[in-house]
Amino acid sequence: MKLSVAALNSYYGPAHILFDVALDVDAGEVVALLGRNGAGKSTTFRSIVGLVARREGRILFEGRDVSKEPTHAIVRGGLGYVPEERRIFTDLTVEENLEVGRQPARSGAPLWSKDKLFTLFPNLAEMRNRPGGRMSGGEQQMLTIARTLMGNPSLVLLDEPSEGLSPKIVEQMAHAILTMKQEGLSILVSEQNLHFARLISDRTYIIERGRICYSGTMAELETRPDIRDAHLAV
Amino acid sequence: MSFYVVQFLTGLASAASLFLVASGLSIIFGVTRIVNFAHGAFYMLGAYLAFSLTERLSGTLGFWGGIVGAALIVALIGVVVEMVLLRRIYRSPELFQLLATFGLTLMVEDLVVLIWGPDDLLGRRAPGLRGAVDFFGQAVPTYDILLIVLGPVVLGALWLLFRRTRWGVLVRAATQDRDMVAALGVNQKWLFTSVFALGVFLAALGGALQIPRDAVNHTMDLRIIVDVFVVVVIGGLGSITGAFVAAVLVSELNAFGILIFPKISIILVFLVMAIVLIVRPWGLFGKPEAAARQTPGLSVRPWQPLSFNERLACVGALIVAAALPLLGSNYALIVGAEIAIFVIFAASLHFLMSVGGLASFGHAAYFGLGTYGVAFLAKFLGFPMIACLLLGPVLGLLGAMLFGWFAVQLSGVYFAMLTLAFAQIVWSIAFQWVEVTGGDNGILGVWPAAFVATPARFYWLALFVTAVSVTLLRVLVFSPFGYALRATRDSGLRSEAIGLNSKRIQWTAFVIAGTFAGISGALFAYLKGSVFPDNAGIALSVDSLVMVLLGGVETVSGAVIGAIVYKALSIWLVSYTDLSKLVLGGFIVLIVVAFPKGIVGTFGSLVDNGRLPFFKRALPGASQAEGAE
Amino acid sequence: MSMAPTLLAVEDLSKSYGGVHAVRGVSFSLAAGEILALIGPNGAGKSTCFDMLNGQKTPDRGRVQLLGDDITGRPPRAVWRLGVGRTFQITATFPTMTVRENVQVALVSHANCIFNVWRSTPAFQRDEADRLLELVGVGGYADRPCGELAYGDLKRLELAIALANRPKLLLMDEPTAGMAPRERIELMRLTARVAREHAIGVLFTEHDMDVVFEHADRILVLNRGALIAEGSPDDVRRDPQVRAIYLGEGLVYDARHREGAGA
C-alpha cells in the first residue's frame, strides 16, 4: 500500500470538516476522489500533507505514519502535492519555478529532469524564461504539476487538475496523467468532472460533507446512476 | 559649484546606511510579511555595540572587526527574537506584528539607556580613513568615499545572492507564497530565520558604519525608522533596487533641502513621498500588493444592534460612572476625566480600524491638532471655552482631510507607514515652529471656564462628551455609511462593482475619525491646561492602537473597555517605575502573543465555546466560522 | 431575438500589455433578453474583455456602448449605476456581513443613500432583499454570515447582489465553476428565466461545454485575443477551427454536445 489514510478528522478553528475519512492508494494506481465543491476534497489533501491547523488520525505513507510530521518533511519523504489554485510563483521564471521544486533522486520513484518534463509538457519548453505570471491558466496548471514532479515523488496528490481549463487542455492533461502513471507514479486526484475522472482513474471514492460515502472501481460507478445522482448531483 | 558637488557626495554617503537599513527591512517584509518596526532598534544596537567593540579592539583590523562583529552579534540577537517571538505571530494580522515589534523597540530603548547611559557617545574614527580627499578645493572625508562605494557594492552582492543562488530563488518564491514553498519540501522555518538574520545584519551594519560620522544615542532608532519607512514607501516595499534609489533620493533631498528650503526641510521629503505615491501608489519599483490570504479564524461575526437589556445595562453603567464625584477624590476625578477622553480617542481609531479596516499608525496627529486648535483659539484669539471646544477639533478635521486624502490611496502596511509619517510631520511642525507653537516648551495656561473649573464638573463634561461621541460612532456603524465602509473593507472589488466609491467612503471615515480624535484632544488640552508636541507623538499613536487591540479590534465595545483598562494601568505604572518603556513594551508583546483577540474578544470566545454559559450571547465576540475548503 | 433592441454594442475593442495583444479588435453586440456565451482557450483574453466591459480595465482602442451611451473607460461604479451587474470568476462578497446584509448594501447603493446617516441598514428594504435571496435559492441562509456559505451558494448570492441593481446587463465570469452538474443547470435556468422576464442581456464565460451548449442563444469564440467564430451552438460545435483549438475530441463533456450528436 502506497498511502493508507484511516480515521482522519480535520478542523478549521471550531468547525469540524472531515469525519473519519479513510482511503487507500496502491502503488502505480490512479485513484479519483470525487465530490462537489465544499465536500471536503481539498481539505482531505491539505490534511494529508499537513496544511491544516488541526488533524487527527492515521496517515501511513509507504508504511510510515506521517500524521505528526510538518508539511516539508512529508513532501521530502516523496509525497508530492499539487494545490487546486495552482499557486505558481508569478515573479519567477518557468526554470526558477522548477528549481524551487527540485529535490534529490529517490529510489522507488520515477526520476524527472527538466528536459524530461519539457517532453511531457511541450508548451513549457518554449517559455523557459517567461515569468510564471505571464502564462495562461492551462500553462500554469502544467507548470504546477511539473514543479511538483521535480521533487521526484512516488505519490502525487492532484487537486482538481481540470478546473477552469478549456476542453482541449483538459484532454492534454488526461494524457499527461496517464504518462505519469506509466512512469510508475501513484496518483490521488480530486475531481468534479466525471468525464475526465473516467478517462484517467482506476478506482474512486466519493466524499460528501466530509465523509467518504462510496468507494469502488470506476467501472462499478458507471453502473450506479443512483449513486452518481445522490452524491455527485449529475 | 564644487560646493554643491561636495554636498551631493555627502548625501550619497548618508544614503549608504539608509540603504542598508531599508534593504534589510524590505527583505524581511518580502518573506515574512512583517514590517519590522524593531529594525531601527537593531540599527541602534549595531551602533552601540560597534562603539563598545571598537573602543576595546585596536588597529585597523580591530576597528573593522568591531564593526562587522557588532553586526553579527545583533544578527544573532535577531535570530533569537525571530525564534522566540516572531514565529508565534506569523499568522497574526499585520497590525499585530507591527505592534509586537514596536513593543520590542520600546524595550530596547530602555535597555540601551540602562547599559550605555543616556548621554551621546562619540565613536572612534576609522583608522587610515581619518583624512579628507581634496575635491575641486573642497574637502570630502575619505570615509564618505568608502560609504559611497559601499552602497552599490552591497546592492550588487544582494542582487547576485537573490538571482544566482538556490537560497535566493527559494527566498523569492517564499516572498510570494510561503505555504507553497513548504508544500514543495522546503523547511520554511529556517528560510525565515536566515532571511531575518540577513535583514537584521544589514540594519546593524548600517548602524555600526555610522559611528565615525555621528554620535550614538538612544533616540536614533525612531529617527532612522521614520526615514526608512519613507524610503521603502517611495522605493516600493520588497524591492531592493527601489530601496537604493529611494535612499539616494531621500538623502539628497535632506542634503540640499537644508540649503535651498531651510524652513521646510523636514517636510520636503514627505512632500516628495506624497507625490510619488500619487503617481505610483506602490512606490517607484514596487508592485501592487496581492490580496492577502484571509487568515482563518478571524472573520467577524456580524455585529448586532444592542438588545433592550443591553441598552439598559449601558445606561446603568453610565449612571454609575456619573456618580463617581460622590465617592472619589479629586485625583480620581482627574484620572477619570482623562480615561473618558481616551475612550473617545480609542473609539475614533476603533471606528477607522474595525469598520474601515484602516489601521492608522499616526492617529495622534489629529488628537494633537485638536489640542493645538484649542490652544491657538484660546491664547491668540481669546475665544471662550465653549467656542474653543467646538472649533478646536476643526483643526483635526482639516488635518484629517488633507492627510487622509493621500492615505486612503493606499492600504495595509503602506497605509500604516504613511499615516505614521504624516503624524511625524505634525509633530515636527509643532516641535520646530517655535514662534507659533512654543516648540518643546509648548503653550501653557489653557484653563477651563469657570463653570467647569472644579474636577467634578470637568469630569461630568468629559463623561457627557464621551457618551455622546461613542453613541454617535455606534449609530454610524449601523447606518448605510457604516455598512458601505465595511463593504470597502471586506472586498474592494465587490464594493466598486456595486457602485460604491471606495476611496471617497474611506476618506470620509478618516475625516470622521480624525474629527473625533480632535474632540478628545480639545478636551485633553483643557484637562492638562497646556499643550505640547508630544500630543501628536508616536508614543501616543501607539497608545491608541494598544487600547483598541487590548479591548479587541473585532468587537464593538472593545475600544471602550480597552481604553479604560490600558489608561488606568499606564497611569498606575508610570507612578511606580522608571522603566516604563521596558514594562510597557513587554506588556504590548505579551498582549499580542497571549491575547490576540483582546479582552472583549477573548471573553467572547470563552462564551462562544460554552465555558462561560452564564454570559451566553451577552457580548458580541469574534467568531471563527470558516466554510470547508 | 433579432427583433429585440441592441443593448450592448462593442466595437473594435483592443488592449495590449507590454507588447502582447491580449484583445484585438473585438466587435459584437448583445440584444436585451439574449444569452451570449464567450468561450475560448485559457489566456485567449476573455477576462480582459470582461474587465473592459465593466470598467475594471480601460481599452487601448475601441468603444463600448450600453443602450447608445458610450461607457468606454468609465469606472466600475459608474458602469453599475447605468445598470450593469457583474459576478466574478472568484466570488467577491462581503464575508463579515450576513447573506441578507450583502444584498442590503447593494440595495442601499442602488437607492443612492450611502451618506444617509440616520437610517439603519439592517432594516433597509428587508423584504426586497429576502425576495431576491429567495429568487436565487439561498433564502434559507439569510441570517448566516456569508463567509459560511458553500461555494455554489456564494455564486448565487453574487447573482442576487447583481439583481439588486435591477440591471439591464449581467456579466457573469464562469458563473457555474465549481458547481455540481445539476446545480449548474439550475443556476443557468434561473438566470435564463430572469433574463427573459426582465429583458436582461446576459454575457457569460464558461469552460463547461454542457452549460454553454445547453443555455447560450449565441456563442462567441475568442482565440489569442481575436474573435474566430460566432454563431449558434450548432454552428460553433461544427466549426473545425473551434474544434482544433478549443473543443478537442469532446472526451470531457457530455456526449450529446459533441459534433454531429447535437442535431
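Read the figures in this text as sums done on the coordinates, not as results from a lab. In this text, all values refer to a predicted model and were calculated from it rather than measured experimentally. FYI the Cβ positions are ideal-geometry reconstructions off the backbone, even for glycines, and counts take in every protein chain you see.
What FRET efficiency comes out for the pair B:Ile260/B:Leu381, r = Cβ-Cβ distance, R0 = 25 Å, nearest 0.05?
For R0 = 25 Å, the calculated efficiency reads 0.15.
Rank the residues B:Phe595, B:Phe380, B:Phe51 as a footprinting-exposure proxy: fewest other Cβ atoms within 10 Å of their Cβ go first.
Ranking B:Phe595, B:Phe380, B:Phe51 by Cβ neighbours within 10 Å, fewest first, gives B:Phe380, B:Phe595, B:Phe51.
On the first, second and third principal axes, largest extent first, how far apart are the outermost C-alpha atoms of chain B in Å?
Result for chain B: principal-axis Cα extents of 76, 63, 49 Å.
To the nearest 0.05, how large is the calculated FRET efficiency for A:Asp91 and B:Asp179 if R₀ is 25 Å and r is the Cβ-Cβ distance?
Working: r = 16 Å, r/R0 = 0.65.
FRET efficiency, A:Asp91 to B:Asp179: 0.95.
Starting from the eigenvalues of the Cα gyration tensor, five times each then square-rooted, give me the equivalent ellipsoid semi-axes of the stretch B:314-540, largest first, whole Å.
On the way: eigenvalues 184, 103, 34 Å².
So the three semi-axes of the stretch B:314-540 are 30, 23, 13 Å.
Which one of B:Ser239, C:Leu38, A:Leu194 has its Cα pushed farthest toward the positive end of the charge dipole of the protein assembly as shown, where Lys and Arg give +1 and Asp and Glu give -1 at the Cβ?
B:Ser239
From the gyration tensor of the Cα coordinates in the stretch C:175-247, what semi-axes in whole Å does the equivalent ellipsoid have, largest first, with each one equal to sqrt(5λ)?
Semi-axes (√(5λ), whole Å): 23, 15, 11.
As a footprinting exposure proxy, order B:Trp427, B:Trp167 by other Cβ within 10 Å, with the fewest listed first.
B:Trp167, B:Trp427
Averaging over every viewing direction, what projected area does the convex hull of the Cα atoms of the stretch C:93-166 cover, in nm²? Don't skip to the end; give the middle numbers.
On the way: hull surface 17.5 nm².
With every direction weighted equally, the projected area is 4.4 nm².
Volume per residue, Å³, of the convex hull around the alpha-carbon atoms of the stretch A:191-234?
Enclosed volume per residue, from the Cα hull, is 68 Å³.
What's the average, rounded to a whole number, of partner chain beta-carbon atoms within 10 Å of each residue's beta-carbon in A:193-201?
Details: counts 6, 4, 8, 3, 1, 2, 2, 0, 0.
For this peptide, the per-residue mean of nearby foreign Cβ atoms is 3.
Is any residue of the stretch A:205-221 close enough, with backbone N under 17 Å, to a label point placed 7 angstrom from the Cα of A:Phe19 along the Cα-Cβ axis, and if so, which?
Only A:206-215 fall inside the zone, counting backbone N under 17 Å.
Net charge near C:Ile90, counting Lys/Arg +1 and Asp/Glu -1 over other residues with Cβ under 10 Å of its Cβ?
Values: positive: none; negative: A:Glu85, C:Asp173, C:Glu174.
The answer is -3.
Go ahead and collect, in residue order, the members of the stretch B:524-549 whose backbone nitrogen is under 16 Å from a label point 7 Å along the Cα-Cβ direction of B:Phe595.
B:543-549
Based on DSSP, what percent of beta bridges with both residues in chain C are antiparallel, to the nearest 5?
In chain C, approximately 55 percent of DSSP beta bridges are antiparallel ones.
If amide hydrogens are placed 1.01 Å from N in the peptide plane, which non-local residues have theirs closer than 5 Å to the one on A:Ile212?
So A:Ile212 has HN proximity to A:Ala22.
Output the Cα-based Rg and Dmax of chain A in Å, rounding Rg to one decimal and Dmax to a whole number.
17.0, 50
Once you list every other residue whose beta carbon is under 12 Å from the beta carbon of A:Ile227, what net charge do they have if Lys and Arg are +1 and Asp and Glu are -1?
-3
Using the number of other C-beta atoms within 10 angstrom as an exposure proxy, rank B:Trp433, A:Trp112, B:Trp116 with the fewest first. Before the final figure, lay out the partial values.
Working: B:Trp433 13, A:Trp112 23, B:Trp116 16.
Neighbour counts put them in this order, fewest first: B:Trp433, B:Trp116, A:Trp112.
With r defined as the distance between the Cβ atoms of B:Thr60 and B:Arg166 and R0 fixed at 41 Å, what FRET efficiency is calculated, to the nearest 0.05?
0.70
Could you name the lysines in cross-link range of B:Lys567, using Cα to Cα under 30 Å and dropping any fewer than eight places away on the same chain?
Straight-line reach from B:Lys567, under 30 Å: B:Lys379, B:Lys528, B:Lys581, B:Lys597, B:Lys616.
Any chance you could run the full-extension gain for B:Tyr90 through B:Ile275? It's 0.36 nm times the residue separation minus the Cα-Cα distance, nm to one decimal.
That works out to 63.3 nm of additional length.
Holding the Cα-Cα limit at 25 Å, pick out from A:Lys181/C:Lys155; B:Lys287/C:Lys155; A:Lys2/A:Lys68 the pairs that are longer than that.
A:Lys181/C:Lys155; B:Lys287/C:Lys155
Within 10 Å of each Cβ in peptide A:134-142, how many partner chain Cβ atoms are there on average? Round it to a whole number, please.
Average neighbour count from other chains, rounded to a whole number: 3.
Lys and Arg at +1, Asp and Glu at -1: add these up for the other residues within a Cβ distance under 14 Å of B:Gly521 and post the number.
Charge balance near B:Gly521 sits at -2.
Take peptide B:471-483, look around each residue's Cβ out to 10 angstrom, count Cβ atoms belonging to other protein chains, and average those counts.
Values: counts 0, 1, 0, 0, 3, 1, 1, 5, 11, 17, 8, 4, 13.
Mean partner-chain Cβ count within 10 Å for B:471-483: 5.
For chain C, report the translational diffusion coefficient in µm²/s to the nearest whole number, using Stokes-Einstein at 4 °C, 1.567 mPa s, and a Kirkwood Rh over Cα pairs. Please list the in-between numbers first.
Details: Rh = 19.1 Å.
The estimated diffusion coefficient comes to 68 µm²/s.
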